[in-house]
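Here's the structure, in structure tokens; my notes come after.
The values are calculated or read from the model by the stated rules, or taken from the named source; none is laboratory data. These figures come from a predicted structure and were not determined experimentally. Note that each Cβ is placed from the backbone with ideal geometry, even for glycine, and that neighbours are counted across all protein chains shown. Areas reflect the complete protein model, heavy atoms only, side chains present, ligands, DNA and RNA absent. Shrake-Rupley method; radii C 1.70, N 1.55, O 1.52, S 1.80 Å.
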Amino acid sequence: MKAAFIERYGGPEVLQYGEFPDPVAGSGEVVVDIVAASVNAADWKVRLGEYKHTKLPLIPGRDFSGVVNAIGEGVKDIAVGDPVFGVCEAGQEGTYAEKIAIKAAIIAKKPSDLSHDNAAALALTGLTALSAIEDTLKLQRDETILIQGGGRRRFWHPACQAY
């Protein structure tokens, strides 16, 4: 498979592109053909070496959306061909690649009305927002919160006359 990877820590110039072995689904895992991956601050921090527990060479990236292409032993509720999205567990990287093997228990089926790009962008940022609401704010049932800018927004496209 093709992947972006690093063999040493540093700036953007250390990113390389090349071949890696295809991942294999272990027990409780699935292999996902990655359609979209997002870029987060954690990714460039890994590249800079701020998380030196990582082993080199390393394929960065934590968020993804794609389609299941293989299932390991013991996986239920997910089938080959299912569109899924998720974020890697702490300490796992690897979404800047064509495929990833990941625990089935930490991914979700992608809603049909959510694009792969948007699903990949939702994973870590969505967990961060959820953590802020549940763990930091400790929002309780029947309490209200204003989420500024949380609504749908129209995006400009060259084919449109206006925003």
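If you check ALA119 against the conditions, is it open to solvent by less than 30 Å² (accessible area, probe 1.4 Å) and either at negative phi or out of contact with any helix residue (DSSP H, G or I) (no Cβ under 8 Å at 6 or more places or on another chain) (or both)?
Here the answer is yes, as ALA119 does meet what is asked.
None of ALA105, ALA120 is within 30 Å of PRO21 (Cβ to Cβ), aliphatic (A, V, I, L, M), in contact (Cβ under 8 Å) with a residue 24 or more places away in the chain and in contact with a Phe, Trp or Tyr (Cβ under 6 Å, 6 or more places away or on another chain) except ALA120. Among the residues examined, ILE78 qualifies as among the hydrophobic types (A, V, I, L, M, F, W, C), at pLDDT 95 or above and farther than 20 Å from ALA121 by Cβ. Of everything listed in (1) among the small types (Gly, Ala, Ser); (2) under 18 Å from PHE85 (Cα atoms); (3) part of a strand (DSSP E or B); (4) open to solvent by 20 Å² or more (accessible area, probe 1.4 Å), the single unmet condition for ALA4 is (2). With respect to VAL35, determine if the residue is modelled with pLDDT of 95 or more, touching a strand residue (DSSP E or B) at 6+ places or on another chain (Cβ under 9 Å), exposed (fewer than 12 other Cβ atoms within 10 Å of the Cβ) and of a type in the set (Val, Ile, Thr). No, not satisfied. Only one of the numbered conditions (1) modelled with pLDDT under 95; (2) over 15 Å from THR95 (Cβ atoms) is violated by GLY28, and that is (1).
Quick one: in the range 87-109, which of the residues that are of a type outside the set (A, V, I, L, M, F, W, C) and within 16 Å of VAL39 (Cβ to Cβ) is most open to solvent (accessible area, probe 1.4 Å)?
Here is the first cut: in the range 87-109, the residues of a type outside the set (A, V, I, L, M, F, W, C) are 89, 91-96, 98-99, 103, 109.
Next, only the ones that are within 16 Å of VAL39 (Cβ to Cβ) stay: 93-96.
Working: GLU93: 23, GLY94: 8, THR95: 2, TYR96: 49 Å².
That would be TYR96.
Within the set ASP63, ASP43, the sole residue that is under 13 Å from ILE102 (Cα atoms), under 12 Å from the mean Cα position of the chain (by Cα), open to solvent by less than 40 Å² (accessible area, probe 1.4 Å) and charged (D, E, K, R) turns out to be ASP63. Answer yes if at least one residue in the range 3-19 is at pLDDT 95 or above, touching a Lys or Arg at 6+ places or on another chain (Cβ under 6 Å), β-branched (Val, Ile, Thr) and under 29 Å from GLU73 (Cα atoms), and no otherwise. No.
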